[in-house]
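Notes for the one structure printed next.
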Amino acid sequence: MTIIERPTTEVAVAGGAPSGVKPSEALGVFKRPAASTSWRDWIVTVDHKKLGIMYGVSAFFFFLIGGVEALLIRLQLIAPNGKVLNADQYNQMFTMHATTMVFLFVMPMAAAFANYFVPLQIGARDVAFPRINAFGFWCFLFGGLFLNSSWFLGGGADGGWFMYAPNSSTLFSPSHGIDFWTVGLQITGIASLTGAINLIVTILNMRTKGMKMMRMPIFTWMVLVTQFLLLFAIPVITVALFLLTFQRSFGATFFDVASGADPLLWQHLFWIFGHPEVYIMILPSFGIVSEVIPVFSKKPLFGYPIVAMSGAAIGFVGWGVWAHHMFASGLGPVSVAVFSMSTMAIAVPTGVKIVNWVMTMWGGKLTFTIPMMFAIALIVQFTIGGLSGVTHAVAPADTQQTDTYYIVAHFHYVLFGGAVFGLFSGFYYWWPKMFRRQLNNAIGKWNFWLMVIGMNLTFGPMHILGLQGQPRRMQVWTEARAGEGFFNLGFWNRIASIGSFTLGTGVLLFLVNVVYTHKSKKVAIAPLDPWDARSLEWMTQSPPQEHNFDVLPTVSHLDEFFHRKYETDSSTHGVTQVRSAEEVMAELNAHPDEHIHMPSRSYWPILLASSLPVIGYGVIYNRTLMAVGAGLILLTMFGWAMEPSTSPDDDFDPPAPGEGGGHTKELSPLG
Amino acid sequence: MAETAISHDHDASHGAHSSTGLSNNKLGMWMFLGSECLLFGGLISTYMLYKGRVNSGPQPNKIFDIPFTSVSSFVLLMSSLTMVLAVSAAQRKDERNMNLWLIITALLGATFVGGQVYEFTSFYREGLGFTTSLFGSSFYTLTGFHGVHVSVGIIMLMALVGMNRNNRIPGDRAEVVELIGLYWHFVDIVWIVIFTLVYLIPS
Amino acid sequence: MSTATEHVEHTDGHEAEHHGLSDKQYIYVALILAALTAIEVSTYYIDFGPFFMPTLFILMTVKFVTVVSYFMHLKFDNKLFTYLFYSGLILAICVYCGFLATFKFFLQKG
Ligand code: HEM
Ligand SMILES: [Cu+2]
């Protein structure tokens, strides 16, 4: 279950602390890993920026896997009587596609941005719990690999991503796929929970001087709301997953109607988690575009407090709408009415945000850079998805729509058109910050337009398909039953499949762009402040040194960086640039902080995380292996506890110029 | 937790600040406990939904031994007292009493877990296995999860005593004791709820 | 959940750790808890009639809050801790009661 920080330390000693060690001695089994530039540094790192990049790379890897799965589905449906996948493979494909996209791509990609940018945006040198942060990343990676290892061990999960009973029972799904699914998600759940605690404490407690809550960038705000949602939603799915594991592996009958159980129990637990989950996926992207739009409109965000508070309101109301996923399950008229109302209510704070973005652009000096284009596409596409969402909130309409392609259209408009486009906006916006190079504009344009066209060609027709009654999760269609004229299902299925390959090409162009940007000799180093940005993360070198800021800035405004560059002319209300970014930084760093302690690297996070899949395989195959895994956990916790979080010989202090580790004092902002 | 070490050293010597003036660890612990409310809430609701569903095997009110469970509930309740005394000793830097109370707390906890093992075995003998009925599955899942939490707490307490002997508690020792105390009390209040909802209110 | 932090912002001091109770007072609290438990258990032996359920619920709540406020120091600690913990607790109560309500759980009992 949840690995808590506190027990970790203590459990260990019970394992038998070697006695007679002087307290001042370096503790731990391994020699403390020192800073280096080799690949090993990535394994032992506790630097939130490196972990952010690792989250990003791993999540993108899973994005490609999930994408291939999606294309196989569309290939199967491109023509009547598709032969690409048989029924069983088709079930596995859509289940694993959805699971991968939700849990292994969108969530961790948001975690990637949160990890990298939240400390920078609030002016912190690190996160609150660096080793736990590393542990969370490894849990995500190992959980994801564990889940996908099912492909080689008898096939993936096949009960749909919400895994309703009775499809989840061993009777209907005898392979181990669903066992891998439950345990794998349990492991990634640990990643989310530890990550949530870490990020919330970081945001509440590690803000630099003057960084009041209402001066934090909106991205940080949205991350805060998201992490609260995770903090409280993950335990709910944890319960559900445990119950399912106990049913499948230990003979309980929690969801077995024949034994008198209520299959709705699962549906409730899943959606109590599941609806907050959809906000967990979208809010970070809302945060990203709320950074991007003001920068490229050259205006402050319209109604900053409203945007922040409507985010919090969504986080709150998001808990009271879960049963709208169950309108067709026989909840009873009162429940349906209540949840229908609350669902309509939640559209309000969402709509408020859209208004705010539009008002920000209104009258602004817009520049249509690639990040801005993705952000605008998000607004448009999310609005379409939100509107179809409101149509499901009307319960009588939803009973027609549910389990049809109309639902598929809805959630892809919000998830792909919204969440994923927001993430791409973030890639293009923050790439120069993370890697000192700007992604190529021409390839970026192709990337963008192919994605927009592909996305709308794929999911637009699905509205029609759904309203015409094509059920979701349908493995084949036949010409005979496809209908006539404009509503010919075959025609729209073909369009959707063509669209999906367009979309796939668009995504691949992003990879091409990355390779081009980093391999081509022609790409110049990006300027310090390529977009004329507004928030703190741009007020340090690119990429930031390990300790983020040579001098922790004192904040006196929302959009601090902007206010240091520009001054308002009180008579004309115009703004004039008074300092360049380089000057701002030189001023800030005139007297660099001394004695910067950074947390030391550690082997233990990866070791502890790697014992979790061992337990997982144990649950599925062999009880002894479970015990081995538990033993490993105990041992690694022991090692973790014995290791102080900063190494005693203090290899990070005082900083000596030119030495490895991120504490060198480079005064040049471009360093 | 060892992370405490950092923030504390910082606070003291280098003026690195914490925006709220509160300790990271304590914030993290309270958040974790808030999150645990939803975990136990889910398990309790599952039990509530299923407690009347007995297709085979004994009914809840036939099998519960209220006097016995009352005693073990009382033991767990008193372990909260000894825990808080340990915390207060730690804050006074009274090491002897701190160790003493920690050990007593662990022993009381162990008594409770022992009682639970005894209860489970006698239920099993009376015909209530994990898979006997929905009542059985949900009862064992709920109380089992709680028992695991108590056991983790016991391990932490013993480890704390051991680490303290070797002077290996990183950071602020009183805070470490306090944090484990929070966890321990939380496990106790969960039992207060379980005792009423599961045992005292008949189905 | 957010506004909570506003007014504790940059209160440079440390938490009021020493405003807890004295050891003796802790023992009194424990005695009260023990007495409440005794009343709870007595419902098993004595018929409380219509007061049965309300008594148990009130006692449970009082015990819970007492442990949280005094043993866990929440009463004396920074309010932020209270907000964090109780938001989890209250959310759990609301969500799960809503969930049980859709099963008409509270109606069967009358
Ligand atoms: C304007 C706000 C929204 C409203 C009113 C709304 C409403 C709904 C409703 C009622 C359903 C259930 C339809 C059914 O299964 O019959 C649904 C499904 C879904 N929604 Fe939304 N939604 C909104 C926003 C979002 C957002 C922001 C996301 C994610 C980023 C999202 C993702 C999903 C997903 C994934 C499903 C499908 C779940 C499944 O597999 O059945 N929705 N939406
Ligand atoms: Cu929903």
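Work out the P(r) tail for region A:33-189: percent of alpha carbon pairs separated by more than 23 Å, whole number. Tail of P(r) above 23 Å: 45 percent of Cα pairs.
Between A:H573 and B:Y124, the FRET efficiency estimated from the beta carbon spacing at R0 = 51 angstrom works out to 0.05. Leaving out same-chain residues fewer than 8 places away, which lysines sit with a Cα under 20 Å from that of C:K104? C:K104 reaches B:K51.
Working from Cα pairs under 8 Å separated by at least six residues, relative contact order for chain A is 19 percent.
Peptide B:126-138 is shielded by partner chain Cβ atoms: per residue, an average of 3 of them sit within 10 Å of its Cβ. Once the 1.4 Å probe is applied to the protein heavy atoms, the protein assembly as shown comes out at 36 Å² accessible per residue.
Over the residues of chain A, the helix contribution to mean residue ellipticity at 222 nm works out to -20000 deg cm²/dmol, using -39500 (n - 2.57) for each DSSP H run of at least 4. Relative contact order, whole percent, for region A:455-595 stands at 18, derived from Cα pairs under 8 Å and 6 or more residues apart.
With a 1.4 Å probe rolled over the protein heavy atoms of all chains, the accessible area of A:L387, B:L77, C:L89 falls in the order A:L387, C:L89, B:L77, largest first.
Using C-alpha pairs under 8 Å with a sequence gap of at least 6, the mean separation divided by the residue count of chain B gives a relative contact order of 33 percent. What accessible area, summed over both chains, is buried at the A-B interface (1.4 Å probe, Å², nearest 100)? Protein heavy atoms only, the A-B interface buries about 4800 Å². A Gaussian network model of chain B, with springs between Cα atoms under 10 Å, assigns the largest mean-square fluctuation among B:S79, B:S23, B:S151 to B:S23.
When the alpha carbon gyration tensor of region B:36-200 is reduced to an equivalent ellipsoid, the three semi-axes, largest first, read 34, 14, 13 Å. For a straight C-alpha distance cut-off of 20 angstrom, the lysines reachable from C:K79 (same-chain residues fewer than eight places away being disregarded) are A:K212, B:K26. Which lysines have a Cα lying under 24 Å from the Cα of A:K83, excluding residues fewer than 8 positions away in the same chain? Correct list for A:K83: empty, as no lysines qualify. For each pair in B:K62/C:K75; A:K521/A:K565; A:K50/A:K209, compute the distance between the two Cα atoms and list the pairs where it is over 29 Å. Long pairs (Cα-Cα over 29 Å): B:K62/C:K75; A:K521/A:K565. Computed over all pairs of different Cα atoms, the Kirkwood value for the hydrodynamic radius of the protein assembly as shown is 29.5 Å.
The values are calculated or read from the model by the stated rules, or taken from the named source; none is laboratory data. Every value quoted in this text rests on a predicted model; they were computed, and no experiment measured them. Ideal geometry is used to build each Cβ from the backbone, glycine not excepted, and the neighbour counts take in all protein chains shown. Side chains are part of the model used for accessible areas, which takes the heavy atoms of the whole protein and leaves out ligands, DNA and RNA. Shrake-Rupley method; radii C 1.70, N 1.55, O 1.52, S 1.80 Å.
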